[in-house]
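The values are calculated or read from the model by the stated rules, or taken from the named source; none is laboratory data. These numbers were taken from a predicted model, which means no experiment stands behind them. For neighbour counting, all protein chains shown are included, and Cβ atoms are generated from backbone atoms with ideal geometry for every residue, glycine included.
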Amino acid sequence: MSANGRPVKVAILGLGGRGVESYGQWFLRHRDLATVVAVAEPLEHRRETFADRAGVPAGARYAAWPALLDDSERLGLDAVVIALPDRVHVEPAVAAAERGLAILLEKPMATDEGALRDLETRLRGLAPRVAVAHVLRETPFWRSVHGVLGDGLIGEPVTLRMEENIGFWHFAHSYVRGNWRNTAESSPMVLAKTCHDLDIIRWLAGSAPLTVTSVGGLAHFRPENAPEGAPTHCVHGCPAAGTCPFHAPRYYADALADVDGWPVALLGPDVSREGRLAALAEGPYGRCVYRSDNDVVDHQQTVFAFPGGLTATLTTSAFTGANTRTIQITGTRGELSGRMETGELRLQRFSPAETGPPPVGYEVTSGTAGPLGHRVDEWHALPPASESGDHRGHGGGDDALVERFVRAVAGGDFEARVTTTLAASLDSHWMAFAAERSRRGGSVVTLADVRP
Ligand SMILES: NC(=O)c1ccc[n+]([C@@H]2O[C@H](COP(=O)([O-])OP(=O)(O)OC[C@H]3O[C@@H](n4cnc5c(N)ncnc54)[C@H](O)[C@@H]3O)[C@@H](O)[C@H]2O)c1
């Protein structure tokens, strides 16, 4: 409910994977809290399908976002969700802020240093209410990690090691064939994929890093690695169909036969087996992974040095079986490690004085003795399962972020309630740009030289 007792009136700009599945579905399930009163989406089938489900009136279905924002007063909008492609974030964000609307803005906020500087400059003075979709901060897993550090349970953090294990199939989908394959069309991998990880590292460290050093490149998904005789699209008789890990029909038509949402929905409106195979014969998701126009890195390792001595690393790889994030933080009095996908967390405390379970808000499943008799506790920080038994997008972070956003708009206490405000989120992007500068230039980059 808004401050005057009615549901918050929201418009969604962009009805792709995020606009529909991460945000739209939430709004459909929570009509008491918010109503989608307008949408903007150029693809008719996406626009009409969602608008019909949400009950958006015919006069509030727009093909492009500027016309919708021009009508914001007539529509009585309180807020807008910007789920447009990466390169279409700055202009609608500024336009929405100029109209006094609260904004849920997809990451990345901007795709290069100049665009981010431009966004910051133009929003200054508008008192913007922006919640950036750094959804991981809202997950039980990362909140638990943050809580352990905040409570001083491992003493002073000394090293932080984070791994972004993208998963070979997910990498091929999004970063070889899909929207984020090409830096000029979207943004570097370190921003597009790992601004979430950078945001978490920044949040856990409690400050921005002093220096950033990064190496990495595109090792595998290159033309010279194509199997002999491989056609442009897998379905056109590829001789490596039986052995290639990235053979498209095995993924989209076989393994995901029962799925009609992400990532299958991106193939096109016809999700029947025939429809999928037709889309794979010509469309981007059927391309040979060695013959795409991809240029983003498939592996990257970055080192950060923070004030006070903490050092952190982020390893990103396409070549992992699972799609998950893992972490290890060592501190002067303990060690915390975890795996996001399963919610597993393991806390070791070195002092013999630590005898009870940690006050983490979860049931600690075991407390065993380490080599010197020190305490080892394990627990799972997972969101409650939904009715369908899954944990919804990003370990529960998507749902929690939208709810926090809507309640903050309704409550009129936006800055106090939202954890991923513009100010809180900027460092993650500057860290990404610093990493990319370092990777390309082969040098140590001082963050202060990148950030304005
Ligand atoms: N927070 C996260 O974890 C997360 C995860 C995935 C994607 N994203 C980000 O969310 C954004 C959207 O990603 P997606 O996966 O939904 O992409 P998508 O391509 O599936 O959806 C984007 C939609 O915007 C539409 N569009 C393009 N130009 C438009 C315009 N001018 N006006 C209105 N609509 C327009 C497209 O037709 C498409 O339907 C991207 O910036 C992406 O990086 C964030």
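What the table below lists for this structure:
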| item | result |
| --- | --- |
| Residues of region 324-381 satisfying the condition of being without any contact (Cβ under 8 Å) to a residue 24 or more places away in the chain, hydrophobic (A, V, I, L, M, F, W, C) and closer than 15 Å to I154 by Cβ | A353 |
| Test for A248: is it small (G, A, S), in contact with a Cys (Cβ under 9 Å, 6 or more places away or on another chain) and surrounded by 23 or more Cβ atoms within 10 Å (Cβ to Cβ) | yes |
| Hey, L43 within 16 Å of the ligand (Cβ to nearest atom), closer than 25 Å to W262 by Cα and of a type in the set (A, V, I, L, M) or not | yes |
| Of all residues making up region 1-19, the number that are at pLDDT 95 or above and within 16 Å of the ligand (Cβ to nearest atom) | 7 |
| Residue in region 326-341 that is within 21 Å of L204 (Cβ to Cβ), of a type in the set (S, T, N, Q) and at pLDDT below 95 present | no |
| Residues of region 364-395 classified as closer than 30 Å to R18 by Cα and at pLDDT 80 or above, total | 3 |
| Count of region 20-40 residues which are of a type in the set (D, E, K, R) and within 16 Å of the ligand (Cβ to nearest atom) | 1 |
| Qualifying positions in region 12-36 - farther than 23 Å from G268 by Cα and either part of a loop (DSSP other than H, G, I, E, B) or over 21 Å from the mean Cα position of the chain (by Cα) (or both) | R29, H30, R31, D32, L33, A34, T35, V36 |
| Residues of region 108-130 that turn out to be closer than 19 Å to A184 by Cα, of a type outside the set (A, V, I, L, M, F, W, C) and touching a residue at least 40 places away in the same chain (Cβ under 8 Å), as a count | 5 |
| Members of region 50-66 that are surrounded by fewer than 18 Cβ atoms within 10 Å (Cβ to Cβ) and either within 11 Å of the ligand (Cβ to nearest atom) or modelled with pLDDT under 95 (or both) | A63, A64, P66 |
| Restricting region 1-11 to residues that are part of a strand (DSSP E or B) and not small (G, A, S), the residue that is nearest to S174 (Cα to Cα) | V10 |
| Residue identified as modelled with pLDDT under 95, closer than 28 Å to D118 by Cβ and of a type outside the set (S, T, Y) among A400, A424 | A424 |
| All helices (runs of 4 or more DSSP H) inside region 120-193 with 1 or more residues being away from the ligand (no atom under 16 Å from the Cβ) | 140-150, 168-171 |
| Residues located in region 148-157, provided they are surrounded by fewer than 16 Cβ atoms within 10 Å (Cβ to Cβ) and under 25 Å from the mean Cα position of the chain (by Cα) | G150 |
| Near pairs, Cβ below 6 angstrom, 6+ apart or cross-chain, from region 4-16 (in contact (Cβ under 8 Å) with a residue 40 or more places away in the chain) to any residue that is of a type in the set (K, R) and near the ligand (Cβ under 6 Å from one of its atoms) | L15/R46 |
| Within region 67-84, tally of residues that are near the ligand (Cβ under 9 Å from one of its atoms) and under 23 Å from T419 (Cα atoms) | 3 |
| Counted residues, region 194-236 - those being outside any loop (DSSP other than H, G, I, E, B) and of a type in the set (V, I, T) | 6 |
| Conditions (1) β-branched (V, I, T); (2) crowded, with 17+ Cβ neighbours inside 10 Å; (3) out of contact with any helix residue (DSSP H, G or I) (no Cβ under 9 Å at 6 or more places or on another chain): number failed by T121 | (2) |
| Residue list for region 306-323, restricted to those being in contact with a Phe, Trp or Tyr (Cβ under 6 Å, 6 or more places away or on another chain) and either of a type in the set (S, T, N, Q) or closer than 18 Å to W203 by Cβ (or both) | A312 |
| Single residue of region 124-162 satisfying the filter (touching a helix residue (DSSP H, G or I) at 6+ places or on another chain (Cβ under 9 Å) and among the β-branched types (V, I, T)) that is nearest to S317 (Cα to Cα) | V135 |
| Filtered residues of region 245-263 (kept if closer than 15 Å to R177 by Cβ and either free of Cβ contacts under 8 Å to residues at least 24 places away in the same chain or within 16 Å of the ligand (Cβ to nearest atom) (or both)) | H247, R250, Y252, L256, W262, P263 |
| Residue that is farthest from R250 (Cα to Cα), among those in region 264-293 that are outside any helix (DSSP H, G or I) and within 16 Å of the ligand (Cβ to nearest atom) | P269 |
| Matching entry among D298, D260 (being among the charged types (D, E, K, R) and buried (at least 18 other Cβ atoms within 10 Å of the Cβ)) | D298 |
| Strands (runs of 3 or more DSSP E) contained in region 311-361 and holding at least 3 residues under 20 Å from S144 (Cβ atoms) | 324-331, 334-339, 344-349 |
